[in-house]
Amino acid sequence: MDRRKALKNMGLALGYTVATPTLLSIVQSCKNETVLEWTPEFFSKDQGAVLTKLVDIIIPKTDTPSASETQVNIFIDRFADEVMEKDQQDFVKMSMDRFIEKALKDAGKEKAADLTAEELEPVLAEALKKTKEDEVQNFKSIRQYHEAVAEGKEALLDDGIARFAFANNLRGLTIWGYKTSEYVGEKVLAYLPVPGEYIACADTNELTGGKAWSL
């Protein structure tokens, strides 16, 4: 599949309309910046510190790099800044604030940058641990919230649902950013820059050693 088309389709699947050249430029620009040098453009410095720890909770370092080691946190920050519409940006900030408020309260701390991965992990786990029925209801409430905002009405959202929205969106963006990083595309997934013979029906283990194809 064409990489540009695949990236655009993933954006649509997550609910975003993405201009493909813009998305590709974000992926490319992240390669040129290290986490130590990174200054967030959309998130605050403290929020950026929390984001970095959270993406590594979602995809920790094993025999492959962690999410932050492939600049996923930088990708998410630039994606939010350059691609999301204003109402989406506002929702991300609101839901992240609710998430951080809960983490700070549970940890007995005042500054988000001081939160450790060990303190953030249970908040993330709790936010994501929902039954299918709970998820359906949560998405309904989130949709009603967005509709109220669009109509200029008072928009209210339960704190727990806001934390779920943030955690769910972050998980999706983290996986998306990780899979589209250059390292994962070329070193972790099956990578074939010059397509060879097309084999319609064959065992994946024989073709790629069990790896999924890079986009």
Margin query: If you average the alpha carbon positions of the stretch 84-157 and of the stretch 57-80, how far apart do those two centres end up, in angstrom?
Written below: 20
Check: Semi-axes of the equivalent ellipsoid of the stretch 87-171: what are they in whole Å, largest first, if each equals the square root of 5 times a C-alpha gyration tensor eigenvalue?
Finding: 24, 16, 9
Check: R0 = 22 Å: FRET efficiency of Glu82 with Ser44, Cβ-based, nearest 0.05?
Finding: 0.80
Checklist line | Spin-label zone in the stretch 162-177 - amide nitrogen under 20 Å from a point set 7 Å from the Cα of Ala150 along the C-beta vector | finding: 162, 165-166, 169
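Can you classify the stretch 113-153 as rounded, prolate or oblate using the Cα gyration tensor, where a ≥ b ≥ c are the square roots of its eigenvalues, rounded means a/c under 1.5, and otherwise it's prolate if a/b beats b/c and oblate if not?
Details: a/c = 7.29, a/b = 1.67, b/c = 4.37.
Note, shape of the stretch 113-153 comes out oblate.
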Next item on the list: Output the peptides 147-155, 103-111, 119-127 sorted from most to least packed, where packing is the average of other Cβ atoms within 10 Å over each peptide's residues.
Entry: 119-127, 103-111, 147-155
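Readers should treat all values here as calculations from the given coordinates under stated rules, not as data from a laboratory. These numbers were taken from a predicted model, which means no experiment stands behind them. Cβ atoms come from the backbone with ideal geometry, glycine included; neighbour counts cover every protein chain shown.
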